[in-house]
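A quick write-up on the structure given underneath.
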Amino acid sequence: MKYVLSFYMLLVLVSCSTTMDVQHDKTIDLSSYKTYSFYPTIDSNLPEEETKRVLQVIALQLYKQGYEKSKTPDFYVNFFVEENSSYRPISSEEKNNYTETRKEKADTNRIYLKTIAIDQLLYLDIVDVKKDQLAWNVVIKGFIEEPITDERLFQYYSERIEKALKKFKKSAIDK
């Protein structure tokens with residue numbers, strides 16, 4: 001029974017982990033990269049504040065790994081997100097994050113949707129500036145459940161991007 005319980009706990013932990021699919025062009029020497037910049041136009045498919053948060057997390061993780069931001073970079077960083085949200089209907093009495101107007105107070109049958117979970121694919125690309133070619137990329141599959149707060153989103157992105165960029169650094173070293 002002890003082994004069955006241990007196996008079940010291991011299965012639960014593995015099923016909650018983030019999966020990453022890493023690909024890179026082995027003909028490009030990633031170890032020569034020292035400087036970066038963000039792609040000039042990033043269409044992340046996220047709200048503006050969340051895009052800024054992800055940019056901050058990427059910049060912090062690259063800084064921790066010794067890369068410098070530059071106007072003449074060795075590589076560009078680009079990212080975009082595909083996500084599916086799960087919603088739960090809530091009545092107007094339950095909603096607490098919306099401002100109430102006179103019309104809303106009179107309309108008691110109104111139903112709102114509250115986001116309870118986000119299933120997300122984050123695509124992170126490293127583009128060689130000189131060759132104008134995709135050098136390395138990762139697809140990060142993740143899931144976040146309510147309560148979805150700014151702090152939880154920051155932690156969510158930080159953990160996943162840190163793991164991904166460690167794989168980028170490892171790919172550069174393993175060349």
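The values are calculated or read from the model by the stated rules, or taken from the named source; none is laboratory data. Being a predicted model, the structure only gives us computed values, none of them experimental. Note that each Cβ is placed from the backbone with ideal geometry, even for glycine, and that neighbours are counted across all protein chains shown.
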List the pairs whose first member sits in the stretch 13-29 and is over 17 Å from Tyr123 (Cα atoms) and among the acidic types (Asp, Glu), whose second member is modelled with pLDDT under 85 and surrounded by 10 or more Cβ atoms within 10 Å (Cβ to Cβ), and whose Cβ atoms are under 7 Å apart, counting only residues at least 6 apart or on separate chains?
Asp29/Lys175
Taking the stretch 37-64 as the search range and keeping residues that are β-branched (Val, Ile, Thr) and under 21 Å from Lys130 (Cα atoms), which one is surrounded by the most Cβ atoms within 10 Å (Cβ to Cβ)?
Ile42
If you go through the stretch 71-83 one residue at a time, do you hit one that is surrounded by 14 or more Cβ atoms within 10 Å (Cβ to Cβ), of a type in the set (Val, Ile, Thr) and assigned to a strand (DSSP E or B)?
yes
Does Ser70 satisfy the criteria of being small (Gly, Ala, Ser) and at pLDDT 90 or above?
yes
Top-ranked residue in the stretch 161-175 [being more than 13 Å from Val57 (Cβ to Cβ) and among the charged types (D, E, K, R); ranked as surrounded by the most Cβ atoms within 10 Å (Cβ to Cβ)]
Lys169
How many of the residues in the stretch 117-160 are among the hydrophobic types (A, V, I, L, M, F, W, C), surrounded by fewer than 17 Cβ atoms within 10 Å (Cβ to Cβ) and in a helix (DSSP H, G or I)?
1
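Every residue, every condition in (1) of a type outside the set (Ser, Thr, Tyr); (2) closer than 23 Å to Gly66 by Cβ; (3) under 14 Å from the mean Cα position of the chain (by Cα), yes or no:
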{"site": "Ile116", "(1), (2), (3)": "yes, no, no"}
{"site": "Ile126", "(1), (2), (3)": "yes, yes, no"}
{"site": "Ala135", "(1), (2), (3)": "yes, yes, no"}
{"site": "Ile144", "(1), (2), (3)": "yes, no, yes"}
{"site": "Ala164", "(1), (2), (3)": "yes, yes, yes"}
{"site": "Ala172", "(1), (2), (3)": "yes, yes, no"}
Can Lys34 be described as loosely packed, with under 15 Cβ neighbours inside 10 Å, modelled with pLDDT of 85 or more and within 19 Å of the chain's Cα centre (by Cα)?
no
Within the set of pairs 6 or more residues apart or between chains, which connect a residue that is in contact (Cβ under 8 Å) with a residue 24 or more places away in the chain inside the stretch 45-59 to a residue that is surrounded by fewer than 13 Cβ atoms within 10 Å (Cβ to Cβ) with Cβ atoms less than 7 Å apart?
Asn45/Glu82
Going by the conditions given, is Thr101 loosely packed, with under 12 Cβ neighbours inside 10 Å and at pLDDT below 60?
yes
Among the residues listed as Ile28, Ile90, Ile58, the single one being in a loop (DSSP other than H, G, I, E, B) and either hydrophobic (A, V, I, L, M, F, W, C) or touching a helix residue (DSSP H, G or I) at 6+ places or on another chain (Cβ under 7 Å) (or both)
Ile28
Which residues, counting only those in the stretch 144-175, are touching a residue at least 60 places away in the same chain (Cβ under 8 Å) and hydrophobic (A, V, I, L, M, F, W, C)?
Leu153, Phe154, Ile161, Ala164, Leu165, Phe168, Ala172, Ile173
Output the residue which, of all residues in the stretch 5-25 that are of a type outside the set (D, E, K, R) and assigned to a loop (DSSP other than H, G, I, E, B), is modelled with the lowest pLDDT.
Cys16
